[in-house]
1. Which order do the peptides 90-97, 142-149, 44-51 take when ranked by the mean count of other beta-carbon atoms within 10 Å per residue, highest first?
2. With label points built 7 Å along Cα→Cβ from the Cα atoms of residue 87 and residue 106, find their separation and express it in nm.
3. For the chain, what does the helix formula give at 222 nm: sum of -39500 (n - 2.57) over DSSP H segments with n ≥ 4, over the residue count, nearest 500 deg cm²/dmol?
4. Can you work out the PRE-style zone for residue 24? Point 7 Å along Cα to Cβ, and I want the residues of the stretch 143-167 with backbone N under 20 Å.
5. How much length would be gained if the chain were fully extended between residue 78 and residue 52, taking 0.36 nm per residue of separation minus their Cα-Cα distance, in nm to one decimal?
6. Could you work out the mean projected area of the convex hull around the alpha carbons of the stretch 75-152, in square nanometres to one decimal?
7. Would you list 57, 160 from fewest to most Cβ contacts within 10 Å?
8. Determine the gain in length on full extension of the stretch residue 163-residue 143; use 0.36 nm per residue of separation and subtract their C-alpha separation, reporting nm with one decimal.
């Protein structure tokens, strides 16, 4: 999907609360469009890392693309609770970035499109998230939810999004 005229490939942000369906929706979009997919679940530096991951992707991926540098991101090794390896992205291919914290005003200014996945039913969101990630997430649900609320307060991702999609 890279433009023949040298224009930057399409960059899409997908955000929403945990368990809303972001990953499923973004994976389908990336597959249908041939885009690379960057999941913030692979970037968060631990259970208190939502804002750190937002900042990391803004600097190392979005601003790198805007500045003509190679975009890259550092994985988080959840098993050892420490930083993992760096990964490069292909700046010539479209990119979908998904996860809680993907949309902020700064990130939106560097992307082509931003999608908020909306599922207001917290019980259903928690059921989905725990089914996907197990009891470890259940123990951290409230801790993570507070970060999502703080991110929403700071950045208004739902209001910044171009499109609202039911989860």
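1. Ranking the peptides 90-97, 142-149, 44-51 by packing returns 90-97, 44-51, 142-149.
2. Reported label-point gap for residue 87 and residue 106 is 2.3 nm.
3. Calculated mean residue ellipticity at 222 nm is -11500 deg cm²/dmol.
4. 163-167
5. 7.9 nm
6. 6.9
7. Ordered by Cβ neighbours within 10 Å, fewest first: 160, 57.
8. Stretched fully, the residue 163-residue 143 segment lengthens by 4.4 nm.
Coordinate-derived values only; no laboratory data. Note that the structure is predicted; figures quoted are calculated from it, not measured. Every residue, glycine among them, receives a Cβ derived from its backbone with ideal geometry; neighbour counts consider all protein chains shown.
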